[in-house]
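So the structure is just underneath, and the comments pick up after that.
Bear in mind that the values in this text are calculations on the coordinates, not laboratory data. All values derive from a computational prediction rather than experimental measurement. Positions of Cβ are generated from backbone atoms using ideal geometry, with glycine treated the same way; all protein chains shown enter the neighbour counts.
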Amino acid sequence: MLRPIKISILLIALITLSSCKTTDVQRVLDTLGGANQPLSEQTVVAGLKEALEVGTEHAVFKTNKTGGFSNNPLIKIMVPEQFSDVATKVRQIGLGSYVDKFELQMNRAAEQASGEAKQVFFTAISGMTVQDAWGILRGGDNAATQYFRNKTARQLEQKFAPIISNNMQKVGFYSDYRRLLTTYDNIPFTDKPNLDIEDYVMTETLDGLFTLVAQEEAKIRRDPVARTTELLQKVFAQQ
């Protein structure tokens, strides 16, 4: 009984297909074999753009909040190397709280500034070419992050600079900084360090942000669970 039913179903399918236009038949066959079809350039570009949007949005979300930098050991902004002797000497005389506040204020400035990155990132994503997309797809774990950094770093610096400066002034950073250096100057046999704090915070903010973007990119490349949409699954399955 099963065999006649199977034959009947097959005949109905053949009759249905024979009544369709050639293009319609091809569309049906393409749909049935879609999993094995090579990806179009448009699909690759769309998938890479989506991956960058997902990764950068997650990175900005993680950094643009209280503790986003200061509570993450991977990107926490520490006392600059040129300032390490100051920090050590000041801690030795029982004024370590000055150093802790100094660090915290730098991290708060970075957390505030990083929120400006999202729109800059998304604008850069929209300009990605087909060649860029294929190069990124076939590149290393952080190929997209490197592409992205090259395209956006200068603009991010321009966006971040006034925010970092204003935030550091608002929280009284510079008065605390001068107080810290004055305390250090009163310690015998010490020299005041020559350091551009705003430039240092800028560099550390960019490094921290792109460190998290790279993490997100690596997860999408390696972990199928991190590919949160069907498009991402299709594109990154082709690596």
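Output the pairs from LYS118/LYS170; LYS49/LYS219; LYS101/LYS170 with a Cα-Cα distance over 22 Å in this structure; if there are none, say none. Walk me through the intermediate numbers first.
Details: LYS118/LYS170 24 Å; LYS49/LYS219 16 Å; LYS101/LYS170 14 Å.
From LYS118/LYS170; LYS49/LYS219; LYS101/LYS170, over 22 Å: LYS118/LYS170.
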Just want the ordering: SER175, SER165, SER114, from fewest to most Cβ atoms lying within 10 Å of their own Cβ. SER175, SER165, SER114
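Got the relative contact order for the range 76-149 handy, in percent, Cα pairs under 8 Å and 6 or more residues apart? Walk me through the numbers before you get to the answer.
Working: 23 pairs, mean separation 15.8, N = 74.
So the answer I get is 21 percent.
Need one word for the range 40-236: rounded, prolate or oblate. Basis is the Cα gyration tensor (sqrt eigenvalues a ≥ b ≥ c); a/c below 1.5 gives rounded, then a/b vs b/c decides. Walk me through the numbers on the way to the answer.
Values: a/c = 3.00, a/b = 2.66, b/c = 1.13.
Prolate, since a/c reaches 1.5 and a/b exceeds b/c.
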Sorted from fewest to most neighbouring beta carbons within 10 Å, what does the list ARG91, ARG178 look like? ARG178, ARG91
Fewest-first ranking of SER70, SER126, using other Cβ atoms within 10 Å as the exposure measure: SER126, SER70
Provide the per-residue ³J(HN,Hα) series for the range 140-151, in order, calculated from phi with Karplus coefficients 6.51, -1.76, 1.60 and θ = phi - 60°, each as a whole number of Hz, with x at glycine and proline positions. x, 4, 10, 4, 5, 5, 5, 4, 5, 5, 4, 7
